[in-house]
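Inspection log for the structure reproduced underneath, given as structure tokens.
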């Protein structure tokens, strides 16, 4: 599946990218999604244990949870929030 | 009737009056307002000269909707909720308003609104210093923040 990965805040600075299309197998654990992105952008490791993902605008912790992805789905890298 | 819940993310200067008008209602005797502003902070001798806000806008909207539903479930008398948040380069005013028939509910609701926004809405703030460097801030309310990784504190 080709998903649209969105980067925000510090993760943009670490990868140099705001958005990119990435091929991912499905179903896949959120930990494996994160590992895949780390392979593409090693500097993302700075955010290890301080990041969650958002799949189709729903938060998913990096871990064992298995997600099913479809072509065109948005997967966001979500550093710690600081709104308000 | 189902009251409206206008929320917005805007790159323009925010009007407090506009937000007040959005929640005013003849059935409401109380409006609680929270206005978030920038403090003129110093961090290790560096002065904050401005803030930059970034958002995952699509998801911020859906999370705002969930937040408002949460508020309405806890305080059914809450009538209107209006949240405006600046994006982009800011010396900000963030006016949030909640109206209800009596003040107790709207005061409690706005507290929860702020706490939940800081915990769940995908918005990020970067402080820019007079030394030309910058840092992304983290809310303690956010469960995956490093500020939450306390080692052995007892509550």
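The values are calculated or read from the model by the stated rules, or taken from the named source; none is laboratory data. Because the structure is a prediction, the values reported are computed rather than measured. All Cβ positions, even for glycine, are placed from backbone atoms using ideal geometry, and neighbour counts span all protein chains on display.
One residue stands out among those in region B:1-26 that are closer than 22 Å to residue B:69 by Cβ and loosely packed, with under 11 Cβ neighbours inside 10 Å: the one that is modelled with the highest pLDDT, which is B:2.
Per the listing A:60, A:22, the residue uniquely over 22 Å from residue B:137 (Cα atoms) and at pLDDT 95 or above is A:22. Listed here are the strands (runs of 3 or more DSSP E) enclosed by chain A that have at least 3 residues being within 14 Å of another protein chain (Cβ to nearest Cβ) and free of Cβ contacts under 8 Å to residues at least 12 places away in the same chain, and there are none.
Selection of first residues in region B:17-37 that are within 14 Å of chain A (Cβ to nearest Cβ) and of second residues that are assigned to a helix (DSSP H, G or I) and buried (at least 16 other Cβ atoms within 10 Å of the Cβ), restricted to Cβ pairs under 9 Å at least 6 apart or on distinct chains, gives the following pairs, ordered by first then second residue: B:34/B:110; B:34/B:113; B:34/B:114; B:36/B:114. Tallying residues that are surrounded by fewer than 23 Cβ atoms within 10 Å (Cβ to Cβ) and either in a helix (DSSP H, G or I) or on the phi > 0 side of the Ramachandran plot (or both) within region B:98-108 yields 5.
Tallying residues that are surrounded by fewer than 17 Cβ atoms within 10 Å (Cβ to Cβ) and either at pLDDT below 95 or over 11 Å from the mean Cα position of the chain (by Cα) (or both) within region A:1-19 yields 6. With the structure loaded, tell me whether residue B:116 is in contact with a helix residue (DSSP H, G or I) (Cβ under 7 Å, 6 or more places away or on another chain), more than 9 Å from chain A (Cβ to nearest Cβ) and either assigned to a strand (DSSP E or B) or surrounded by 22 or more Cβ atoms within 10 Å (Cβ to Cβ) (or both) or whether it fails that test. Taking the combined requirement at face value, the residue does not satisfy it.
Residue selection: residue B:66 fails the criterion of being facing chain A (nearest Cβ under 7 Å), assigned to a helix (DSSP H, G or I) and at pLDDT 85 or above.
Taking every residue in region B:127-155 that is more than 9 Å from chain A (Cβ to nearest Cβ) and pairing it with any residue that is at pLDDT 90 or above and part of a loop (DSSP other than H, G, I, E, B), at least 6 positions away or on another chain, the pairs with Cβ-Cβ distances below 8 Å are B:127/B:137. Residue count for region B:45-63 satisfying the condition of being modelled with pLDDT of 90 or more, over 24 Å from residue B:109 (Cβ atoms) and outside any helix (DSSP H, G or I): 3.
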